[in-house]
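Written out below as structure tokens is the structure these notes cover.
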Amino acid sequence: MNTPFTATVLGSPRIGPRRELKKAVEAYWAGRTDAAALHATGAQLRAEQWAEQKAAGLDSIPVGTFSYYDHVLDTAAMLGALPERVASVADPLDRYFAAARGNETIAPLEMTKWFDTNYHYLVPEISPATSFALDPSRLLGELAEAQAQGVPTRPVVLGPVTFLLLSKAVTGQGEGSDAPLLDRVDELVPLYIDLLGRLADAGAEWMQIDEPALVADRTADEIATARRVYEALSAAPKRPAILLASYFGSLGDALPALAATGVEGLAVDLVAGADVIATVPALARKHVVAGVVDGRNVWRTDLTRALNTLATLLGSAGSIAVSTSCSLLHVPYTLDAETALEEPLRSWLAFGAEKTAEVVALATALTTGRDAVAEAIDASDEAAASRRTDPRLHDDALRGRLSALTGAARERAAAEVRRAAQAALDLPLLPTTTIGSYPQTREIRVARAELRKGVIDEAEYRRRMRAEIADVVALQEELGLDVLVHGEPERNDMVQYFAEQLDGFFATENGWVQSYGSRCVRPPILYGDVRRPAPMTTEWITYAQSLTAKPVKGMLTGPVTILAWSFVRDDQPLAETADQVALAIRDETVDLQAAGIRIIQVDEPALRELLPLRAADQQDYLGWAVGAFRLATSGVADSTQIHTHLCYSEFGEVIGAIAGLDADVTSIEAARSHMEVLGDLNAVGFDLGVGPGVYDIHSPRVPGVDEIASLLKEALAAVPAERLWVNPDCGLKTRGVAETTESLRNLVEAARRVRAGL
Ligand code: GLN
Ligand code: ZN
């Protein structure tokens, strides 16, 4: 075996410490710079990163985890599996971006969540006509760059099993197909063998092949296929040592199967997963790369605890390296970029650079003894102790309130009782409404920027937001919508807005992480007990309500979505944190009701997102997620109508939970799936109000009256008129004013027409 390394990370962030790559690709897309400039930025970011990782003390550095858009798309490009429709784009870089983003004539690939993270990958489309062919130029080029720089390299690619399991089978016409793609893995094996040979020729001693799909539930056949693939790859005539990497959970049954193959190394996630190395005797001959530093969350590693975990592996693995549990793609670059972060909170955190240092400290402790890193261990112990005892993490009053709650706090009266009490809202059949946000106009963005820069003061900012609200209310009156909203102009983001007002959250200045392509997000850090020091939304909603006699719907973000789009504390079960957030939202609903608001929407677009990868864990999750939503929404009177909104996902696996939310009205994305979701809801006995989206807001296209009316008629075939609402698929904040005005005009007209025919 090649010399086993001791300290590594499974992958690196690529957007740039100051989002340089975002700016560079966007400049290229806009035609402001050329490909040479983009490549130069990429090369520089890689070189800086490798230099830092080497200086930090990693003795094996991942190469090839950089990407101009997405690593799954890179894999598709490497395997000759870009969709047929981009073949006409002559330039390879433009062809790649056409697959990612589309252009005037080409539809992009679909995008979906990378396992249970907030990163989105592009879904490769594999058709019977796809003929795989290896193009290793990108990887070989980056490898040569890194070698020239003198860093200890380890090329990384996505493995063939995961690649096929994440891809979508299509017919030649781009339609879906049921053929299991994994059947085509034998076409990929020779390409990977070829790649192994080329990497060996180029001087690579180790290579990492990622197979994260093996931590989800897999059939015995799929596991057998994976084993067969790695037996074949490890029998390649000429190759580097293979590190087969898993992350985001336990390999379970796949672990012994993979350990039985000839691969030299296995990377296991010991943060999200719980694989026990000692139970697999074959691992005594392998290099085990132990992911003990959490690659997905921002907490400082408890080095003492991590060393204890590592100690348990010593007798069971052939050799050990210390690593992050997954790629550092999911955390910000460095704490150094945070100037407003005070102690002790700072001492509790570790971003990418700090996690890399932790990996090195742990590896040093293993190879040279704890004394060599005594200082780091002391600092870690101190931070852990301070985090355990900090009063902000344990608010006794709040905890007392939560433990005094009974089941009744999550129950509302029976649906018919509520329906009768809500009749006073006096809504027509097929009431029309929107999901909350209206277009975030230039004026709104300018006002927010000016407030941040100190050009305008808080009072002027509020005045401008009120003007926006007044405009949006007037527009809705003019359009004839039945249930109005205030338009959410004051919200930069539906989670951050609440995080900024709740105790227990910290908003970073530069904690950017890639969400997809050039899009980055800055998730707040939920570090302590969550409390609501003051009402968060009443001022805006009641102002909107004061301008109209029609009901204005108050808008809140639900507990699960707030957790999903934050970095959450890891020192207590997520269910407990969810209830704390839920209680804050509940207090807000009670305040809104007291201020005269009769309809309140609690958005949960991320309900599906946090669903665990393994079926065995899903019921527990859905139980507490639904419980938290109900805690948030059961504090109001029967006469207050609770809405929720769901989008961004396939609802199949959570459909029962949607019914469990018990919201009086659920608006749900449906325009693209043509009302199929209504049948699914019926199948689980859902009998509350439902507004399947009849206007696809992901496209600038204005839907016609006939088109919306026919969707409504389709909906009426599945749902009685008494339960049907009429609304778009999602919020309108990314859309233009002209197109939304016209679309909503058509929506109201279509509802009137269908209503008249009832
Ligand atoms: N109320 C939010 C809005 O309209 C909901 C956004 C969402 O579903 N993502 O913008
Ligand atoms: Zn939505």
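The values are calculated or read from the model by the stated rules, or taken from the named source; none is laboratory data. The structure displayed is predicted, hence computed values, not measured ones. So basically every Cβ, Gly included, is an ideal-geometry build from the backbone, and we count neighbours across all protein chains shown. For the accessible areas, the whole protein counts, side chains as well, though only heavy atoms, and no ligand, DNA or RNA atoms are used. Shrake-Rupley method; radii C 1.70, N 1.55, O 1.52, S 1.80 Å.
For the stretch 59-200, the Stokes-Einstein estimate of translational diffusion at 4 °C and a viscosity of 1.567 mPa s comes to 81 µm²/s, using the Kirkwood hydrodynamic radius over alpha-carbon pairs.
Put simply, the convex hull of the Cα atoms in the stretch 304-353 casts, on average, a shadow of 4.7 nm².
Looking only at Cα atoms, what is the convex hull volume of the stretch 506-594 per residue, in Å³?
Value for the stretch 506-594: 138 Å³ per residue.
Treating each Cα of the stretch 588-673 as an identical point scatterer and summing with the Debye formula, the log10 of I(q)/I(0) at q = 0.17, 0.23, 0.25 Å⁻¹ comes to -0.71, -1.11, -1.23. All alpha carbon pair distances within the stretch 1-82 were sorted into 10 Å bins beginning at 0; the resulting P(r) in whole percents reads 16, 40, 32, 10, 2.
For the chain, the longest principal axis of the Cα atoms and the long axis of helix 20-29 meet at an angle of about 70 degrees. Helix 220-234 axis versus longest C-alpha principal axis of the chain: approximately 40°, rounded to the nearest ten. Computed from the Kirkwood radius of its Cα pairs, the Stokes-Einstein diffusion coefficient for the stretch 278-322 at 10 °C and 1.306 mPa s stands at 141 µm²/s. When a 1.4 Å probe is rolled over the protein heavy atoms, the share of accessible surface on the chain that falls to carbon and sulfur comes to 51 percent. Using the Cβ of GLU742 as centre and a radius below 12 Å, the other residues enclosed give a net charge of +1, where K and R count +1 and D and E count -1. Taking the DSSP beta bridges with both ends in the chain, the antiparallel portion is around 15 percent. Here the Karplus relation 6.51 cos²θ - 1.76 cosθ + 1.60, evaluated at θ = phi - 60°, turns the backbone of the stretch 271-286 into coupling constants of 9, 7, x, 9, 5, 9, 4, 5, 7, 10, x, 4, 6, 5, 10, 10 Hz, with x for every Gly and Pro.
Treating r as the C-beta distance of ALA129 and ASP186 and R0 as 22 Å, the FRET efficiency rounds to 0.80. Rolling a 1.4 Å probe over the protein heavy atoms leaves THR433 with an accessible area of roughly 0 Å².
Counting only residues at least eight positions apart within a chain, or on another chain, the aspartates and glutamates with an alpha carbon under 16 Å from that of LYS733 are GLU443, GLU468, ASP471, GLU488, GLU490, ASP493, ASP603, GLU669, ASP696, GLU742.
Just to confirm the number: angle between the C-alpha axis of helix 374-389 and the first principal axis of the chain, 0 to 90 degrees, nearest 10? Rounded to the nearest ten degrees, it is 20. What base-10 log of the normalised intensity I(q)/I(0) is obtained for the stretch 578-634 from the Debye formula, alpha carbons as equal point scatterers, at q = 0.12, 0.15, 0.28, 0.29 Å⁻¹? Reported log10 I(q)/I(0), two decimals: -0.34, -0.49, -1.12, -1.16.
SER177 sits with roughly 40 Å² accessible to a 1.4 Å probe, with DNA, RNA and ligands left out of the calculation.
Expressed in Å, the radius of gyration and Dmax of the Cα atoms of the stretch 466-554 are 16.4, 45. Ranked from largest to smallest solvent-accessible area, with a 1.4 Å probe on the protein heavy atoms, GLU358, GLU187 come out as GLU187, GLU358. Under the combined filter of DSSP loop state and at most 15 neighbouring Cβ atoms within 10 Å, the stretch 694-750 retains these trypsin sites (Lys or Arg not before Pro): ARG701. Between the stretch 665-713 and the stretch 360-405, how far is it from one alpha carbon centroid to the other, in angstrom? Here the two parts' Cα centres lie 48 Å apart. By the compact-protein rule of thumb, 2.2 N^0.38 Å, the alpha-carbon radius of gyration of the stretch 1-144 corresponds to a ratio of 1.13. Checking every one of the GluC sites (Glu not before Pro) in the stretch 190-284 against DSSP loop status and a limit of 12 other Cβ atoms within 10 Å picks out no site at all.
Inter-label distance, SER386 to ALA43: 4.4 nm, where each label sits 7 Å from its Cα along the C-beta direction.
Could you do me a favour and compute the accessible area per residue for the chain, 1.4 Å probe, result in Å²? Display every interim value, and only then the final one.
Numbers: 28810 Å² over 758 residues.
Roughly 38 Å² per residue, with all protein chains present.
The equivalent ellipsoid that matches the C-alpha gyration tensor of the stretch 276-400 spans semi-axes of 29, 17, 15 angstrom, in descending order. When the surface is traced with a 1.4 Å probe over the full set of protein chains, LEU140 keeps roughly 50 Å² accessible.
Largest accessible area first, the listed residues LEU307, LEU610 line up as LEU610, LEU307 when surface is computed with a 1.4 Å probe on the assembled protein chains.
Report summary: the helix-based calculation at 222 nm, which adds -39500 (n - 2.57) for every DSSP H run with n ≥ 4 and divides by the residues of the chain, gives -13000 deg cm²/dmol.
Centroid-to-centroid, using Cα positions, the stretch 730-753 and the stretch 230-280 are 52 Å apart. Calculate log10 I(q)/I(0) of the chain for q = 0.08 Å⁻¹, where I(q) comes from the Debye formula with a single equal point scatterer on each Cα and nothing for solvent. For the chain at q = 0.08 Å⁻¹, log10 I(q)/I(0) is -0.70. Each Lys and Arg Cβ is given +1 and each Asp and Glu Cβ -1; about its Cα centre, the chain then shows a dipole of about 540 debye.
The label-point distance for ALA274 and ALA179, in a model that sets each label 7 Å from Cα toward Cβ, rounds to 4.1 nm. Among the trypsin sites (Lys or Arg not before Pro) in the stretch 193-261, those placed in a DSSP loop whose Cβ has at most 15 other Cβ atoms within 10 Å are LYS238.
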